[in-house]
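S.K.: Quick one: the structure is below, questions incoming.
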Amino acid sequence: MAEPMLSVKGLEAWYGESHVLHGVDIHINQGEVITLLGRNGAGKTSTLRAIMGLTGRRSGSIKFNGTELVAARSDIIARAGIAYCPEERGIFASLDVTENLMLPPQIAPGGMSVEEIYTLFPNLKERARSQGTKLSGGEQQMLAIGRILRTGAKLLLLDEPSEGLAPVIVQQIGVTIRELKKRGFTVLLVEQNFRFAQTVADRHYVMDHGVVVDHVANHELAASMERLHKYLGV
Amino acid sequence: MDFFGIPAPLLFGQLLLGLINGAFYALLSLGLAVIFGMLNVINFTHGAQFMMGAFAAWMLLNFFGIGYWGALLLAPIIVGITGIILERLMIAKLYKLDHLYGLLLTFGIGLIIEGLFRNEFGSSGMPYRIPAELQGAWDLGFMFMPVYRGWVVVVAFFACLATWLVIEKTKIGSYLRAATENPALVQAFGINVPRMMTLTYGAGVALAAFAGVLAAPIYSVNPQMGSNLIIIVFAVVVIGGMGSILGSVLTGFGLGVIEGLTKVFYPEASSTVIFVVMAIVLLARPAGLFGRA
Ligand SMILES: Nc1ncnc2c1ncn2[C@@H]1O[C@H](COP(=O)(O)OP(=O)(O)OP(=O)(O)O)[C@@H](O)[C@H]1O
Ligand SMILES: [Mg+2]
């Protein structure tokens, strides 16, 4: 079998003195959509941030297309081809929608064109001149996803894109993720919303206390519910 | 012609002086605002770097025969490069610590630079001639306006405008604004934020040096010229709102004019009026007139 696109082994990470990841192991193959599930504080966001070089000290291994990134700076990691959409969305108040959309530099050929992004998210086009943070929550989420599609990055890290959004918008985000998969993007998705995760993903990792505690293929998800509920505390 | 019993030449003369001082306040506080926005460092070396700009012009002339126009271009570049070196070697080491450390470091470096120049050149000050093209005065009917002073106000205005345009309307400017809000995320998009910080510091310092060259023919070139000015400039920055670009420019010019008018109507208060305004603004709007709370 081919090498995975991203292979994380024994990843540990700290915020200052506080040790938040205790040896995370995940791998993602080219073209897959994978979710990280887990209760609040399990370490999902920290895993994405650690892959992106945004925590404090890290150890272990993060191999992306064969390159070791565990010691790299976050701009180098981005330029290797990983793009990040943070949980808090990170829309810039001092930039309008277009500027927000155009902010991330192109790091490789083959990104989506602005027109294609507007086709995916027509709302953004209508609000092109608005201040980024004046958009609704759903529109901000679309902007946060849209702006990383231009760059040519092939692996997208999306942190809870469905969080706090109305069901119709969540549905639209789901359509978007399936569309991205069709276009050949590889996605690592953090989710708490089980039902949503089920509609988009190939496999699921379950995290608790800073480690991966379980791993299920999407077609086994329904059968594994009881076991998973224990970790997810619902 | 009289206004409220004040002869017009006196009134407009002070207004012009106020505008000129305001031009320097605006240029210097603009540089401080840009640096603070990006680096989160209150650059207390700014006054010394303004002085270095004036000295660079003086040295270019006396050691290399390069005149005012050449200095206007070269002095900011030279002093800007010293700023870049300073940022790389020292200031960059302090970003992870409290603001206070950056402030103390830059304050100390400012004192050292000023001391070195005083040792070398004494404190009496050296003249720098107005370039031939800008000598003389225009007769405006109600007063004589020295050409050079008019030039300073106009150039400072356009330099501020250009800086504002770069920050608000260009791609580089959008990186700068975004990195001011959330540097970590901007870096995670693949932008080399540490290098941007270095260049921003260099640009802010170059702006101070540019103001120094403009000032050289007006004030004598002396090691204290920056520290005299910078105290007022910090008051301007506090009034305008730390980190606000437009705010620092408007406040700079505005306070220069207020100071000039105070000299006409109540001269006793002219040296303190800015600090009185600062106290009032701090009480009413602690984030400054244009600052985001
Ligand atoms: N900046 C930080 N400094 C110190 N500790 C942090 C920081 N950010 C997160 N933590 C801690 O790390 C642990 C993992 O947090 P993380 O945000 O990764 O969880 P999560 O799985 O994303 O949770 P949620 O579902 O609430 O988003 C938590 O105990 C949290 O308190
Ligand atoms: Mg999280």
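S.K.: Taking the 0 to 90 degree range and rounding to the nearest ten, how far is the long axis of helix B:193-215 tilted relative to the main principal axis of chain B, both from C-alpha atoms?
M.R.: The angle comes out at about 10 degrees.
S.K.: Determine the dipole magnitude for chain A: charges of +1 sit on the beta-carbon of Lys and Arg, -1 on that of Asp and Glu, nothing else is charged, the reference point is the Cα centre, and the result goes in debye to the nearest 20.
M.R.: About 260 debye.
S.K.: Give the long-range amide H neighbours of A:Asp96: residues separated by 5 or more places, or on another chain, with amide H under 5 Å away, using H modelled in the peptide plane at 1.01 Å from N.
M.R.: When sequence neighbours closer than 5 places are left aside, the close amide H contacts are A:Gly132.
S.K.: Given the rule -39500 (n - 2.57) for each run of at least 4 DSSP H residues, summed and divided by the residues of chain B, what is its mean residue ellipticity at 222 nm, to the nearest 500 deg cm²/dmol?
M.R.: -24000 deg cm²/dmol
S.K.: If you rank B:Tyr25, B:Tyr128, A:Tyr84 by fewest surrounding Cβ atoms within 10 Å, what's the result?
M.R.: Going from sparsest to densest Cβ surroundings: B:Tyr128, A:Tyr84, B:Tyr25.
S.K.: Also, I was wondering about something else. At 0.36 nm per residue, minus the direct Cα-Cα distance, what do B:Asn62 and B:Ile172 gain on full extension? Give it in nm, one decimal, please.
M.R.: 35.9 nm
S.K.: Ratio of the protein assembly as shown's C-alpha Rg to 2.2 N^0.38 Å, to two decimals?
M.R.: Scaled against compact globular proteins, the figure is 1.20.
S.K.: Oh, and also: I'd like the orientation of helix B:273-284 relative to chain B: the angle between its Cα long axis and the longest Cα principal axis, in ° from 0 to 90, rounded to 10.
M.R.: Computed tilt is about 50 degrees.
S.K.: Report the calculated FRET efficiency for B:Asn228 and B:Trp138 (r = Cβ-Cβ distance, R0 = 25 Å), to the nearest 0.05.
M.R.: 0.30
S.K.: Could you work out how far apart the two model spin labels at A:Arg195 and B:Asn192 are, taking each label as a point 7 Å from the Cα in the direction of the beta carbon, and quote it in nm?
M.R.: 5.0 nm
S.K.: I'd like the mean, over residues of B:177-184, of how many other protein chain beta carbons sit within 10 Å of each residue's own Cβ.
M.R.: Mean number of neighbouring Cβ atoms from other chains: 5.
S.K.: Right, another one. Do you know the relative contact order of segment A:36-195, to the nearest whole percent, from alpha carbon pairs under 8 angstrom that are 6+ apart?
M.R.: Answer for segment A:36-195 is 27 percent.
S.K.: Contact order normalised by length for segment B:21-76, with contacts defined as Cα pairs under 8 Å and 6 or more residues apart; what percent is it?
M.R.: So the answer I get is 22 percent.
S.K.: Hey, another quick one. Could you work out how far helix B:245-265 tilts from the main Cα principal axis of chain B, as a 0 to 90 degree angle to the nearest 10?
M.R.: Rounded to the nearest ten degrees, it is 30.
S.K.: Something else: Taking neighbour Cβ counts within 10 Å as the exposure measure, how do B:Lys169, B:Lys263 sort from fewest upward?
M.R.: Fewest-to-most ranking of B:Lys169, B:Lys263: B:Lys169, B:Lys263.
S.K.: Going through the cross-link list A:Lys134/B:Lys93; A:Lys125/A:Lys154; A:Lys9/A:Lys182; A:Lys134/B:Lys169; A:Lys9/A:Lys44, which pairs have a Cα-Cα distance over 26 Å in this structure?
M.R.: A:Lys134/B:Lys93; A:Lys9/A:Lys182
S.K.: Now a separate question. Based on DSSP, what percent of beta bridges with both residues in the protein assembly as shown are antiparallel, to the nearest 5?
M.R.: In the protein assembly as shown, DSSP labels about 65 percent of beta bridges as antiparallel.
S.K.: Given R₀ = 60 Å, what would the calculated FRET efficiency be for A:Ala217 paired with B:Ser271, taking r from the Cβ atoms and rounding to 0.05?
M.R.: Calculated transfer efficiency: 0.20.
S.K.: Which whole number gives the average, over all residues in B:186-199, of C-beta atoms from other chains lying within 10 Å of the residue C-beta?
M.R.: Per residue, the number of nearby Cβ atoms from other chains is 6 on average.
S.K.: While we're looking at this one, here's another question. How do B:275-283, B:203-211, B:47-55 rank on mean C-beta neighbours within 10 Å, highest first?
M.R.: B:47-55, B:203-211, B:275-283
S.K.: Quickly work out the B:Ile77-to-A:Arg178 label distance, labels modelled 7 Å from Cα along the C-beta direction, and quote it in nm with one decimal.
M.R.: A separation of 6.0 nm, rounded to one decimal place.
S.K.: Tell me, what is a quarter of the convex hull surface for the C-alpha atoms of segment B:226-284, in nm² with one decimal?
M.R.: 4.1 nm²
S.K.: When the helix-only estimate is applied to chain A (DSSP H runs of n ≥ 4, each -39,500 (n - 2.57), divided by the residue count), what is the mean residue ellipticity at 222 nm, nearest 500 deg cm²/dmol?
M.R.: -9500 deg cm²/dmol
S.K.: For the modelled label position 7 Å from the Cα of A:Ser61 along Cα-to-Cβ, which residues of segment A:190-234 have backbone nitrogen atoms closer than 20 Å?
M.R.: Residues A:211-213 fall inside that zone.
S.K.: Considering the zone a paramagnetic label at B:Asn182 would reach in this model (a point 7 Å from Cα along the Cα-to-Cβ line), which residues of segment A:188-214 have amide N under 20 Å from it?
M.R.: Those under the cut-off are A:188-192.
S.K.: Mind giving me the FRET efficiency for A:Glu163 and B:Tyr95? R0 is 35 Å, r the Cβ-Cβ distance, nearest 0.05 is fine.
M.R.: 0.65
S.K.: Quickly rank B:35-45, B:181-191 as a protection proxy: mean count of other C-beta atoms within 10 Å, highest first.
M.R.: Listed from highest to lowest mean packing, they are B:35-45, B:181-191.
S.K.: Roughly how crowded by other chains is peptide A:73-85, in terms of the mean Cβ count from those chains within 10 Å of each of its Cβ atoms?
M.R.: Average per residue, whole number: 4.
Where a number appears in this text, it was derived from the coordinates with a stated rule and is not lab data. Keep in mind that what you see is a predicted model, and the values were worked out from it rather than measured. Counting neighbours? That spans all protein chains shown, and the Cβs are built from the backbone with ideal geometry, glycine included.
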